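Some notes on the structure that comes next.
Values quoted throughout were computed directly from the atomic coordinates according to the rules given, and no laboratory measurement underlies them. As the structure is a computational prediction, the values presented were derived from the model and not from experiment. Cβ coordinates were reconstructed from backbone atoms using ideal geometry, including for glycine residues, and neighbour counts include every protein chain displayed.
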Amino acid sequence: MKAIITGITGQDGAYLAQLLLEKGYIVYGTYRRTSSVNFWRTEELGISGHPNLHLVEYDLTDLGASISLISKVEPDEIYNLAAQSFVGVSFDQPSTTAQITGIGCLNILEAIRLVNPKIRFYQASTSEMFGKVQSIPQIEETPFYPRSPYGVAKLYAHWMTVNYRESYGMFAASGILFNHESPLRGREFVTRKITDSVAKIKLGIMDCLELGNLDAKRDWGYAKDYVEGMWRMLQVDEADTYVLATNRTETVRDFVRMAFANAGIDIRFHGGDVNETATDAETGKVVLRINPKFHRPAEVDLLIGNPAKAKLKLGWEPTTTLERLCQMMVDADIRRNKSGFSF
Ligand code: NDP
Ligand code: GDR
């Protein structure tokens, strides 16, 4: 089997490549041209240089490049993971986000239709499409109400995926994945920002962590579990839409407490809103304060997904608790910070 993964330099791209290589696939991982491309994730997983992993330069905003990539590789499966994936940045760069995250998906669907409509396609859709949630927990039928340019762009890509499935009979699956994290998560996302900062505070490299909204609730799972679900979505008889989630939600504040505890630091929260702080219970030092620059123009307050359909149809279930995930991330960041690692 041959698969293309767009976004091999990202968290999910690296884990999915590892999974497919273990299954004996030949993997074409795409990255975009920059002055210095960074493959630290595939290196950390020990798959850089694997004989069945081919790295291909590609930008998904280019339809011609999409047609040419698919014509050359002749894949059985394509996983579209590339995106401008940071919600916060999408408010500052809405057009770029629409081009990459929305139209990028259309370019691949159109290229598949033109080159070989039998190729199986996976679109990385997101719980951000539920935004201002219309029911709790969220399932495949919950109405969408995106709250950011990123959410809107992903919703466009999701409906295009469904539309190509229904219009052309293409095998186009959409995975509505809730937040999933790991030691390979980018440091701009809140969980990794927290675990990396906690590690630095523990080691005396940093004094205080600055965050935005501590009340936001998220359904956080482990990325390695979720890439397994992506693969399963392309192995069934018919393409469909599936929610992958853990059915548990916690606040950002809860995750902060958990991460400090995992590093052996007991903290106390004080005050509220923009004046909220947390101190080290032993030393009294302020280790967390609010910086309003991390607040978003519109927030997604609460996400919690029910993955019952994925369990029934794909036999998929999350295997990793939030406690275990947080411990894994804190341990990795303490180890990395000790050795001077900086990604
Ligand atoms: P990352 O941000 O870690 O990775 C995104 C990837 O997209 C990177 O490899 C990035 O390359 C690449 N990319 C960005 N712009 C372009 C472009 N113009 N052309 C080609 N490649 C590009 O995201 P994750 O791995 O966390 O997520 C994977 C996908 O799943 C994304 O589409 C995301 O929106 C979606 N998703 C993620 C969830 C999560 O919780 N992680 C939940 C639901 C959906 P570069 O390294 O050069 O920036
Ligand atoms: P999210 O993830 O927006 O859910 O999108 P992120 O980790 O960025 O934010 C989660 C929540 O934490 C709050 N928050 C902060 N967030 C960041 N990044 N930095 C901070 O300092 C901070 N303080 C508080 C946010 O306001 C938010 O409520 C992720 C991405 O991976 C998307 O690509 C994916 O589609 C969704 O998850 C599901």
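Odds and ends about this structure:
- Cβ-based net charge around I119, under 14 Å, with every Lys or Arg adding one and every Asp or Glu removing one: +2
- Between K285, K309, K132, the GNM of the chain built on Cα springs shorter than 10 angstrom shows K285 fluctuating the most.
- Whole-angstrom gap from segment 31-56 to segment 154-177, using each part's C-alpha centre: 28 Å
- Environment charge at E128 (Cβ cut-off 9 Å; Lys +1, Arg +1, Asp -1, Glu -1): +2
- At an R0 of 35 angstrom, the distance between the Cβ atoms of T61 and I26 translates into a FRET efficiency of 0.85.
- Kirkwood Rh (inverse of mean 1/r, distinct Cα pairs), segment 38-93, angstrom: 13.9 Å
- Straight-line reach from K118: taking Cα to Cα under 20 Å and skipping same-chain neighbours fewer than 8 places apart, the lysines in range are K2, K72.
- 222 nm mean residue ellipticity, helices alone, for the chain (DSSP H n ≥ 4; -39,500 (n - 2.57); rounded to 500): -11500 deg cm²/dmol
- Around N52: net Lys/Arg minus Asp/Glu count, Cβ-Cβ under 13 Å: +1
- Positive dipole terminus of segment 258-343, leading residue within Q327, G264, S339 (C-beta point charges): S339
- The chain shape via C-alpha gyration tensor axes, a/c threshold 1.5: prolate
- Potential lengthening of the chain between D280 and F91 amounts to 64.6 nm, from the contour at 0.36 nm per residue minus the alpha-carbon distance.
- Residues in segment 132-148 that a label on D215 would reach, taking backbone N under 17 Å of a point 7 Å out along Cα→Cβ: 132-133
- Taking all C-alpha pairs of segment 110-188, those more than 20 Å from each other amount to 41 percent.
- Full extension of the segment from N291 to N116, taken as 0.36 nm per residue of separation minus the current Cα-Cα distance, would add 58.0 nm.
- Per-pair calculated FRET efficiency, R0 = 25 Å: H270 and K200 via Cβ, rounded to 0.05: 0.70
- Length released on extending from E166 to S71, taking residue separation times 0.36 nm less the Cα-Cα span: 31.9 nm
- Ranked V227, V56, V256, criterion: other C-beta atoms within 10 Å, fewest first: V56, V256, V227
- Cβ-derived FRET efficiency at R0 30 Å, I136 paired with L312, nearest 0.05: 0.90
- Using a cut-off of 24 Å between Cα atoms, the listed pairs K193/K309; K132/K217; K193/K285; K224/K293; K193/K224; K193/K313 include K193/K309; K224/K293; K193/K313 as exceeding that distance.
- Rounded, prolate or oblate (a/c below 1.5 giving rounded, otherwise prolate when a/b exceeds b/c) for segment 1-68 by Cα gyration tensor: oblate
- Cα gyration tensor, segment 1-132 - rounded (a/c under 1.5), prolate or oblate: oblate
- For the chain, share of DSSP beta bridges that run antiparallel, in % to the nearest 5: 20 percent
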